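Beneath this line is the structure, given in structure tokens, with notes to follow.
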Amino acid sequence: MHNERCIHNPNLFVITGGPGSGKTTLLLELERHGYPFAPEVAREIIHEQVKQGGTALPWANRALFAELMLQRSVDLFMAHAATTSVTFVDRGIPDSLCYARLMGLPDLKIRNACDNYRYAQRVFLAPFWREIYVTDSERKQDVEEAERTAELMGTIYRECGYEVIEVPKMVPEKRADFVLQNLISTGR
């Protein structure tokens, strides 16, 4: 973990929300419009841990999973910290804080990271969307937990000082247009 002063990049825009809310589909649509994005670290960790027979999983060792999620989120932030063009991030460091709170884990270290690594002021929240929610080998939350997660994401990002913009439930192309229109209104 890096222990530097606050690092802020107003070109890194977070797309967050609960599991199965269409974030990745939205990011792929934004990429089709020429905007790069950094992938979600939580799914990467789950995939790696399952493949390796590891225990840093949300259904096994939640504390170790949270630690890895924080470390990878900070590493991802640092890998993109110098970008000068709009780049989207599939979940940010505050998502780790949300996970820790949901699981009842200590969160001071994560909260400090949220304060020290800052994204663009506007964060885009994909709300829980029951009609498109499905589980898979890496997404095992039931509908209630997925909905609770989405609600807490908005609360956590606001608590961390971000302006949360809820992305309407529309087809991916329209969602991408909505996000891009809200970037234009920030002067991007």
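What follows is calculated from the coordinates using simple rules that are stated; it is not laboratory data. Because the structure is a prediction, the values reported are computed rather than measured. Reconstructed Cβ throughout: ideal geometry from the backbone, glycine too, with neighbour counts over all protein chains shown.
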Gain on full stretching of the segment that runs from Arg32 to Ala82 - 0.36 nm per residue minus C-alpha separation: 15.7 nm
Unit charges on C-beta of K, R, D, E only; dipole of the chain, Debye: 240
Theoretical FRET efficiency, 1/(1+(r/R0)^6), r = Cβ-Cβ of Val50 and Arg148, R0 22 Å, to 0.05: 0.35
Neighbourhood charge, 15 Å Cβ-Cβ cut-off, centred on Cys160 and excluding it, Lys, Arg +1 and Asp, Glu -1: +2
Contact order relative to length of the chain, as percent, for alpha carbon pairs under 8 angstrom and 6 or more apart: 35
Cα-based Lys proximity count in the chain, under 25 Å, for pairs eight or more positions apart or on separate chains: 6
Cα Rg over Rh - the stretch 7-183, Kirkwood: 0.93
Förster-model FRET efficiency, 22 Å R0, Arg43 and Asn11, C-beta, rounded to 0.05: 0.40
Filtered chymotrypsin sites (Phe, Trp or Tyr not before Pro), the stretch 1-80: DSSP coil and at most 14 other beta carbons within 10 Å: Trp59
Potential lengthening between Gln181 and Trp59 on full extension [0.36 nm per residue; Cα-Cα distance subtracted]: 40.1 nm
